[in-house]
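Colleague: Provided herewith is a single structure, encoded as structure tokens, for subsequent inquiry.
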Amino acid sequence: MRLLLCGDVVGRAGREAVVAELPRLRRALGLDLVVVNGENAAHGFGITDKICAEIFTAGADVITTGNHVWDRREIIPYIEAEPRLLRPVNFPAGTPGRGFGVFSARNGRKVLVANAMARLFMDAIDDPFAALDRLLDEHPLGTVDAALIDFHGEATSEKTAMGYFCDGRASAVLCTHSHVPAADHRLLPKGTAYVSDVGMCGDYDSVIGMQKEAAIARFVRKMPGERLQAAEGEATVCAVAVETDDATGLAARIAPIRIGGKLAPAWPRDMEVAAHEAAAP
Ligand SMILES: [Fe+2]
Ligand SMILES: [Fe+2]
């Protein structure tokens with residue numbers, strides 16, 4: 001089975017790029033399930049019901065989030081009614097919405113998708129290790145055909161520790177939040193695909209997706225700055241594709257994808273369903 005996670009979608013530039021690329025990605029790579037991290041999709045802060053609908057229509061099966069999930073408060077009633085929109089599973093009990101779900105892939109198989117948030121240099125929340133330990137105990141591979149975790153965090157140490165903590169129990173631990181793609185994508189020894197950060201879907205001529213001037217000013221002067229605005233130039237779509245073994249649910253392959261914008265392109269030519277169908281970016 002083939003799974004895809006698109007990194008944090010930032011603002012209009014990121015949204016438009018993801019919406020434009022997803023149908024082609026689905027076809028070219030024969031994707032069975034697509035997850036998009038949408039926590040910065042609304043002008044860099046949060047997500048709205050209208051944006052969720054746009055991303056689902058473009059071909060996403062699940063939308064994950066992170067620390068920015070509640071930046072647009074109008075998402076609260078929507079998330080309560082929409083099981084395909086996730087917030088971190090380790091938010092305190094009683095928080096609206098869900099942190100995981102078991103979803104049907106296009107091939108009819110069942111995929112556990114979970115969203116969790118790290119704690120180092122992040123808000124104080126419940127232990128993500130305990131939360132995912134419980135969740136993977138309740139939904140072991142075998143009862144689901146694959147398990148994809150979007151682990152949203154700042155520190156690569158905590159993210160890498162989570163990868164190894166879940167090794168052999170999840171198909172993939174793919175991390176988000178830094179908005180910068182890491183080059184450490186690999187298969188861990190017991191068969192879990194891992195990357196320290198998928199990167200963002202947004203304009204890289206920016207400070208992690210936001211216009212440079214205001215972002216720089218915040219570091220230069222200890223003064224309340226202008227509001228940060230999402231950068232509007234051509235976006236790079238950063239994603240990671242994972243192929244799982246249908247017999248075990250563990251990962252057989254992991255490949256980074258970068259399309260458009262300022263970053264060097266990356267495209268898994270060897271994963272193309274039919275070479276003539278997909279022109280490399
Ligand atoms: Fe983000
Ligand atoms: Fe984040």
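Colleague: Would you tally the residues in segment 33-46 being of a type in the set (A, V, I, L, M, F, W, C), within 11 Å of ligand 1 (Cβ to nearest atom) and open to solvent by less than 10 Å² (accessible area, probe 1.4 Å)?
Modeller: Going through segment 33-46 one residue at a time, the tally reaches 1.
Colleague: Then there is this: Can you name the residue in segment 197-215 that is buried (at least 24 other Cβ atoms within 10 Å of the Cβ) and within 14 Å of ligand 2 (Cβ to nearest atom) and is also nearest to the chain's Cα centre (by Cα) among such residues?
Modeller: Step by step, filter segment 197-215, then rank; the result is VAL198.
Colleague: Which residue pairs have Cβ atoms closer than 6 Å, lie 6 or more positions apart in sequence or on different chains, and pair a first residue in segment 131-154 that is farther than 10 Å from ALA170 by Cα and open to solvent by 10 Å² or more (accessible area, probe 1.4 Å) with a second residue that is of a type in the set (Asp, Glu) and within 16 Å of ligand 1 (Cβ to nearest atom)?
Modeller: none
Colleague: Let me ask something else about it. Please go through segment 154-184 and pick out each residue that is out of contact with any Phe, Trp or Tyr (no Cβ under 8 Å at 6 or more places or on another chain) and either modelled with pLDDT under 95 or within 16 Å of ligand 2 (Cβ to nearest atom) (or both).
Modeller: Residues satisfying the conditions are THR156, GLU158, HIS177, SER178, HIS179, VAL180, PRO181, ALA182.
Colleague: Suppose we keep only residues that are of a type in the set (Gly, Ala, Ser) and more than 16 Å from ligand 2 (Cβ to nearest atom) within segment 37-68. Which one would you say is farthest from LEU25 (Cα to Cα)?
Modeller: ALA53
Colleague: Still on this structure, I have one more. THR57 - would you say it is within 27 Å of ARG227 (Cα to Cα) and either at pLDDT below 95 or of a type in the set (Ser, Thr, Tyr) (or both)?
Modeller: No.
Colleague: State which residue pairs qualify: first residue more than 15 Å from ASP126 (Cα to Cα) and inside segment 74-102, second residue polar (S, T, N, Q) and crowded, with 18+ Cβ neighbours inside 10 Å in any location, beta carbons under 6 Å apart, and separation of 6 or more residues or different chains.
Modeller: Correct list of pairs: LEU86/THR64; LEU86/ASN115.
Okay, residues lined up against (1) in contact with a strand residue (DSSP E or B) (Cβ under 7 Å, 6 or more places away or on another chain); (2) within 16 Å of ligand 2 (Cβ to nearest atom); (3) assigned to a helix (DSSP H, G or I):
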{"residue": "LEU3", "(1), (2), (3)": "yes, no, no"}
{"residue": "GLU16", "(1), (2), (3)": "no, no, yes"}
{"residue": "LEU25", "(1), (2), (3)": "yes, no, yes"}
{"residue": "ALA28", "(1), (2), (3)": "no, no, yes"}
{"residue": "VAL35", "(1), (2), (3)": "yes, yes, no"}
{"residue": "TRP70", "(1), (2), (3)": "no, yes, no"}
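Colleague: Do you know which residues across segment 184-205 are without any contact (Cβ under 8 Å) to a residue 60 or more places away in the chain and on the phi > 0 side of the Ramachandran plot?
Modeller: Residues satisfying the conditions do not exist here.
Colleague: Still on this structure, please answer the following. Are there any pairs, at least 6 apart or on different chains, whose C-beta atoms fall under 8 Å, with the first in segment 48-72 and open to solvent by 40 Å² or more (accessible area, probe 1.4 Å) and the second assigned to a strand (DSSP E or B) and not aromatic (Phe, Trp, Tyr), and if so, which?
Modeller: Final answer for the pair search is ASN67/MET117; ASN67/HIS152; HIS68/ASN40.
The values are calculated or read from the model by the stated rules, or taken from the named source; none is laboratory data. A quick note: this is a predicted structure, and the numbers were derived from the prediction, not measured. All Cβ positions, glycine included, derive from the backbone under ideal geometry; neighbour counts span all protein chains shown. Note: areas computed on protein heavy atoms with side chains; ligands, DNA, RNA excluded. Shrake-Rupley method; radii C 1.70, N 1.55, O 1.52, S 1.80 Å.
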